[in-house]
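**Q** First the structure, then my questions, so here it is.
Throughout, read-outs are computed from the coordinates displayed, never taken from laboratory work. Keep in mind that this is a model prediction, so the values were computed, not measured. Positions of Cβ are backbone-derived with ideal geometry, glycine not excepted, and every protein chain shown enters the neighbour counts.
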Amino acid sequence: MPAATLEQTGVGGAHFLPTHWSVVLAAGWRDSPQATEALERLCQAYWYPLYAYIRRKGYPLEEAQDLTQEFFLHVLRGEFLSRADRAKGKFRSYLLGALEHFLAKQWRRSHRLKRGGGCQILSLKAEPGESRYRLEPFHELTAEKLYNQSWAMMLLEQAMNALKEECESTGKSQLFEELKTRLDGDDNQASYEEVALRLKMREGAVRMATVRLRRRFGELLRAEIAHTVADPSEVDGEVRFLLAALRR
């Protein structure tokens, strides 16, 4: 997604609504069902970036699965939230700092949760996660860079899924499938004329639809980013950070 497409969208401006992370921080988590649900949603989204981080730190497969599971149990119990700093309210930063603290503490302990732990709060999809991790370039990225890149890819995937659902709800599934690979600005694929013939549309209409989908994808991506910060002023910085993480 080109930077211009993201920078021009309006999400994160004066009409910023309470989002997952801002709700958690504002409610103090424990006293609010909405904050509990918001925190669970955030944790569900971040399981792979953190799992990949732990694996890149050198932990073997099963221990990494156990540590990821146990860490999220601690987060969902609110054991790290007292350290969350509203002045530095990015959820990705908070979570990575909490994980580092957790791993250091676990390194000093001999006890490990037995696999499963008898308390399955999150479904971590461990095997698909490991299959995905094996595809990561092993020597090119540090654990932190892999975490940031995985975070960026996770947000792109969520925005793409949201766009797909919108198109399906308005009867534009075929349009989405034809144009989804063009959303990053790359038009060096099948010609617009070929796409127009398949969709039974005018070529100009296909080009305009592509522009609109790109714009909407940028809006949805910014909305996903907004869910992970405590203040709207941080959205633009996170967009720049995401783009930089994808270039590494």
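**Q** Would you mind computing, in nm to one decimal, how far apart the modelled labels at Ser32 and Ala205 are, each placed 7 Å from Cα along Cα→Cβ?
**A** 4.6
**Q** Next question, about the same structure. Can you work out the FRET efficiency for the pair Glu100 and Glu70, with r the C-beta to C-beta distance and R0 = 22 Å, to the nearest 0.05?
**A** 0.90
**Q** A 23 angstrom limit on the alpha carbon distance is what I want to check against. Which of Lys90/Lys145; Lys90/Lys164; Lys57/Lys105 exceed it?
**A** Lys90/Lys164
**Q** Quick one: if you stick a label point 7 Å off each Cα along the C-beta vector at Trp107 and Glu168, how many nm between them?
**A** Result for the modelled spin labels: 4.4 nm.
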